[in-house]
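In what follows, a structure is listed as structure tokens, so that the remarks can point back to it.
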Amino acid sequence: MNFHDLHRPGDPLLLPNAWDYGSAAYLAAHGFPAIGTTSLGVAAVHGKPDAAGATRAETIELAEAISGLGVHVTVDIEGGFSDDPAEVGELVASLAALGVAGVNLEDGRPDGTLRPVELHQRIIEAATGHGVFVNARTDTYWLGDGTGTYERVAAYGHADGVFVPGLSDLGEIEKVAACTPLPLNVLYQQGGPSLARLGEAGVARVSTGSLLYRAALGAALGTALAARGEQGPGIPSYAEIVAGLPR
């Protein structure tokens, strides 16, 4: 089954996100048909800031390393590592040549603002046409209160899918899913709606984002603390990990 066909509204693809070869290989060995990368995990592994356009080379290197695992691979390329549509198109073409099945392309910027809609439209257009599933991510909830979500989802209608991380209310998810013909991707959140409930709301893909990387760090710390008779604090938040990275 090709990567696009795995996106089924009502029966969503659960996409675990890896941060290095070992994590990707372990997930692939346990039956996941597709694996994504996580920009936070890649950045943290290499001691660089997340969502700052600082890990282009490392992201490409990881994509090349895991593209032969026998599963579909979709790569988090942040905002494309450039505001130049031509440069983003060249990057996506190079990833396609490595066998990558998809890319995640966000409109959030390092300074916490959103990329102008028209510019992101041109960047999405440059990313399409390379045989790669382009998942257009809007950070209206991630960086704000959701204002402008419907307008941006509609504006990115020339992508292959749309991703709205931070969207967790089932009623709102159902409305967003109904407003676009594209497969809707949301972020899995602990304590949030189950995969089945998200499917009922029309979701076609559920990503774990940075959760698995953060859970791995939490488990590692918990194991180390247990060795000296202490209890671990659980899974660290995104903000806790980012606070320890270079700026």
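Flag not set for D20, criterion: open to solvent by 30 Å² or more (accessible area, probe 1.4 Å), closer than 24 Å to T149 by Cβ and either under 15 Å from the mean Cα position of the chain (by Cα) or among the acidic types (D, E) (or both). Looking at G102, G53, just one residue is under 21 Å from L119 (Cβ atoms) and either under 16 Å from the mean Cα position of the chain (by Cα) or of a type outside the set (G, A, S) (or both), and that residue is G53.
Quick check on the stretch 79-102. Is at least one of its residues touching a Lys or Arg at 6+ places or on another chain (Cβ under 7 Å) and touching a residue at least 60 places away in the same chain (Cβ under 8 Å)? No, that holds for no residue. Restricting to the stretch 33-63, count the residues that are surrounded by fewer than 18 Cβ atoms within 10 Å (Cβ to Cβ), in contact (Cβ under 8 Å) with a residue 24 or more places away in the chain and more than 18 Å from A127 (Cβ to Cβ). Within the stretch 33-63, residues that are surrounded by fewer than 18 Cβ atoms within 10 Å (Cβ to Cβ), in contact (Cβ under 8 Å) with a residue 24 or more places away in the chain and more than 18 Å from A127 (Cβ to Cβ) number 5.
Quick grid of which residues meet (1) in contact with a strand residue (DSSP E or B) (Cβ under 9 Å, 6 or more places away or on another chain); (2) surrounded by fewer than 16 Cβ atoms within 10 Å (Cβ to Cβ); (3) free of Cβ contacts under 8 Å to residues at least 60 places away in the same chain:
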site: G112; (1), (2), (3): no, yes, yes
site: I123; (1), (2), (3): yes, no, yes
site: V132; (1), (2), (3): yes, no, yes
site: T138; (1), (2), (3): yes, no, yes
site: G146; (1), (2), (3): no, no, yes
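For the stretch 220-228, does any single residue satisfy the condition of being among the charged types (D, E, K, R) and under 18 Å from the mean Cα position of the chain (by Cα)? Among the residues of the stretch 220-228, not one is among the charged types (D, E, K, R) and under 18 Å from the mean Cα position of the chain (by Cα), which makes the answer no.
Of the residues making up the stretch 1-17, those that are surrounded by fewer than 21 Cβ atoms within 10 Å (Cβ to Cβ) and within 19 Å of R214 (Cα to Cα) number 1.
The values are calculated or read from the model by the stated rules, or taken from the named source; none is laboratory data. These figures come from a predicted structure and were not determined experimentally. Quick reminder, even Gly has a Cβ in these numbers, built from the backbone with ideal geometry, and neighbours come from all protein chains shown. For accessibility, only protein heavy atoms count, side chains too; no ligands or nucleic acids. Shrake-Rupley method; radii C 1.70, N 1.55, O 1.52, S 1.80 Å.
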